[in-house]
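The values are calculated or read from the model by the stated rules, or taken from the named source; none is laboratory data. Computed from a prediction, not measured in an experiment: that's the story for all the values here. FYI the Cβ positions are ideal-geometry reconstructions off the backbone, even for glycines, and counts take in every protein chain you see. Just the protein is used for accessible areas: all its heavy atoms, side chains included, with ligands, DNA and RNA removed. Shrake-Rupley method; radii C 1.70, N 1.55, O 1.52, S 1.80 Å.
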Amino acid sequence: MYCLPKVTAFKKSKVNPILFFDFLGESFHFSDELASFVTNINQLNHTLMDSAYAKKKGQWQQHFREALNTYGRGESTFVSEAMPQWLLDLGTLDILALLEQRFGNQLFTALNPYQTIDSPVRYQSNSEWLKSVNMVGINVRTIGNFWNIVKYALSLPKAQSSIHILPIWEPGVVASLYGISSWHINREFFSQELQRSVPALNTVEKQLKVVVNILHLMGKTVGMDVIPHTDRYSEIVLANPRYFEWLQRREFDIVNHSANLHQRVEREIMKWLIQKGSANQQPFPTDFFHFFYQEIEEFRVPILFGEKWDLEGRIRRRNSLISHLYHCGLEPAPATMGPPYRGLEVDPNESAKTVDADGRVWRDYRIQQPQKFSRAFGPLTRFKLYERLDDNQNWEIDFNQPRPEVWAYLKKRYGNIQQEYHFDFMRGDMSHVQMRPNLSREVQSGLRKLDSALAYYDPHRAIKQHIQQSVPYFGYFAETFLAPPNTMAYGAEEDHLELSAADTTLGDLQSMPVGSPKFMHFFFRYYRIGQTRTVTPNFTIMTADKDDPRFDSFYLYNNITRLFIGLFLDLPSYMGLGFETRDIHPHPAPNERYTKLYVFQIGEGPKATRGPYRWGRNVALYQKVEQLKKYADDFPTALEGSTVEWLLPPKADGSQFVIAWQLVGQADFIFVVNLNATAQSDTRLGKILNNYALDFTTHPTNSLLPMEKLQGGEGRIYQLTS
């Protein structure tokens, strides 16, 4: 049972709770008889859910004008009674009329791609603001185009004040959003509907600028992905071979991986270019050194591949160049994850290969001495940030010799993107990749204080600090999972994050069932990190990485409890799009139900999707989420101007399921949650608070604290008055 009382003073009235009931999946190891029973119940539930969904949608269709006008008049911070997918069905003219009603002439400024709406955090002197935001992540493929982000954002309350947009660039192999093939914006995110209504918005770049403008107008901060790798044969790699690491392969053997192999690659690319001729008919120097080291990238790329507007032509040219390098055995080294990171070999298993549409056989790679999380990402290659020791004979990096040109390139590229689109923060992709094996010793020896060393410590740090020179509030949200030391990074990840100047990090609470021993242990650890370190973990609700058939069991119960804690605790939170209506999947559902599987586009196999993303129809969950959103917006000023004092913090040993904290500020609130999804608290609420909240003795309301026990998964809010 989940309980949300109206915010009311004990002194003036009795607590009048509104009761909610969440789905309880107590066991995942069913007997055959029980499995049959559960399947029948689930079929009945789906029938009931479909009926509830149809009823809810009918009500929306009948009253949506009233809901829109309530938002347009500024009487609510989001459009209520609308499941997000219904907002996507609204026409652009309706959306523009609604935004004009709410924002007046400011909308016309926002719709001009040559003008800028200032960031909601423009007056912040640093990036500390990121440590208290409730963020929502959006994979644009699930909603079709950039313009639909605005429609979806109409469903988000003021309390969810930040939007992270997954990668926005042209993708490479298997169309992975994280395998950048060029610095051009992904044209699949262009909205023809928006162009029909506003003809001047005739490019995807203009539309992205306008979308960020409108999100800023709505009070949302907006973040981009910063990715330290590209597609292995991206335009970026082929136009800048020296910025990457190369190897030469013959079948199962790596025959050359010398430190300067890129020079051989440059000569081969020049041979190919002389044979094929310029893609844009412009003359070019035929000396490889002049072409790659004296001409700028903006000159080289059109010569090699063609003009930006000719996507198909660019792909054909790039494929031809890939074939030339393939027949020379020259490949960019694949990106890796997990210690020991270095030391590659070809996987000898005959099945460990991919044959592409042109008949080219690509072998998989693996780490020579793998550990639990060691992995080589065949489609990706990382920027080469440091020189190599001993001509790379043993795959060792010389951290004393950074390659400043590569660092400057990354800082310039991402700095230009921030300036053009006015992003407020970055999400650092694969921030857990930290290749320095002696990190803890370096920290102890004072690396933390050596600015000259830290300048070349981590690319995300360098990019953040470069952008902060002109945008001091620009923040850094890191993708790390706070795994135990020496599993996904060398040493403790929080040491690495502090040295990287990360403000917040994702963490991994979304992969642990609420109330499980592992969840309780990590919740305590995150709480302690937030209290004692300069980086703050997120209380993560759902991400694109974990909205995946493999992780269904984590979302069978206590979903609303996740959101309750995420919205009202002083940790930042992250919620992936689709959570608010997500159906319960006791067994894996079709791939179209999972946002994770739209990060790439695969036509066959277990990760294939064959249609558009299918939104959940979970009306019961949506109604609870809606209630929470309204609650969060009922007292945003109190939340923003308050500090958190723990009354009953989580414990490391998981022996205590009830947590409680007090929000002290303009108004004092108490939040209490039972993290045990399936059982009552073993002590009455009043006794729990009396035992741990000693300063309650100063409140005359102390004797009126409710005496009942908390039900499984139940959360409550109380307001104290003197």
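All of (1) under 21 Å from the mean Cα position of the chain (by Cα); (2) among the polar types (S, T, N, Q); (3) within 25 Å of residue 595 (Cα to Cα) hold for residue 213 with one exception: (3).
Name every residue in region 570-596 that is open to solvent by less than 10 Å² (accessible area, probe 1.4 Å) and either small (Gly, Ala, Ser) or in contact with a His (Cβ under 7 Å, 6 or more places away or on another chain) (or both), in order of residue number. Answer for region 570-596, where residues must be open to solvent by less than 10 Å² (accessible area, probe 1.4 Å) and either small (Gly, Ala, Ser) or in contact with a His (Cβ under 7 Å, 6 or more places away or on another chain) (or both): 573, 576, 578.
Out of 527, 613, one residue alone is more than 28 Å from residue 461 (Cβ to Cβ), out of contact with any His (no Cβ under 6 Å at 6 or more places or on another chain) and touching a residue at least 60 places away in the same chain (Cβ under 8 Å). It is 613. Of the residues making up region 390-412, those that are in a helix (DSSP H, G or I), open to solvent by less than 60 Å² (accessible area, probe 1.4 Å) and over 29 Å from residue 537 (Cβ atoms) are 392, 406, 408, 409. Of the residues making up region 597-638, those that are acidic (Asp, Glu) and open to solvent by 50 Å² or more (accessible area, probe 1.4 Å) are 604, 634.
Residues in region 547-600 that are at positive phi and over 14 Å from the mean Cα position of the chain (by Cα): 558 alone.
What's the total number of residues in region 660-672 that are in contact (Cβ under 8 Å) with a residue 60 or more places away in the chain and either surrounded by fewer than 18 Cβ atoms within 10 Å (Cβ to Cβ) or aliphatic (A, V, I, L, M) (or both)?
The total comes to 1.
One residue stands out among those in region 523-545 that are aromatic (Phe, Trp, Tyr) and under 20 Å from the mean Cα position of the chain (by Cα): the one that is nearest to residue 568 (Cα to Cα), which is 539.
Selection of region 277-321 for residues being of a type in the set (A, V, I, L, M), within 35 Å of the chain's Cα centre (by Cα) and open to solvent by 20 Å² or more (accessible area, probe 1.4 Å) yields 296, 301, 311, 315.
Considering only residues in region 472-494 that are part of a loop (DSSP other than H, G, I, E, B) and of a type in the set (Gly, Ala, Ser), the one that is nearest to residue 415 (Cα to Cα) turns out to be 489. Tell me, please, whether a residue that is on the phi > 0 side of the Ramachandran plot and not in a helix (DSSP H, G or I) can be found in region 516-525. For region 516-525, residues on the phi > 0 side of the Ramachandran plot and not in a helix (DSSP H, G or I): absent. Looking at region 424-461, which of its residues are closer than 30 Å to residue 121 by Cα, among the small types (Gly, Ala, Ser) and either at pLDDT below 90 or open to solvent by 10 Å² or more (accessible area, probe 1.4 Å) (or both)? Matches in region 424-461: 452, 455.
Please work out if residue 531 is at pLDDT 95 or above and either farther than 25 Å from residue 373 by Cβ or assigned to a loop (DSSP other than H, G, I, E, B) (or both).
no
Among the residues of region 497-522, those that are among the hydroxyl-bearing types (Ser, Thr, Tyr) and surrounded by fewer than 21 Cβ atoms within 10 Å (Cβ to Cβ) comprise 511, 516.
Only a single item in (1) modelled with pLDDT under 95; (2) of a type outside the set (Ser, Thr, Tyr); (3) open to solvent by less than 10 Å² (accessible area, probe 1.4 Å); (4) closer than 25 Å to residue 178 by Cα is not met by residue 549, and it is number (3).
Taken over region 367-396, the criterion of being within 27 Å of the chain's Cα centre (by Cα) and either on the phi > 0 side of the Ramachandran plot or of a type outside the set (A, V, I, L, M) (or both) is satisfied by 371, 372, 373, 374, 375, 377, 378, 379, 381, 382, 383, 384.
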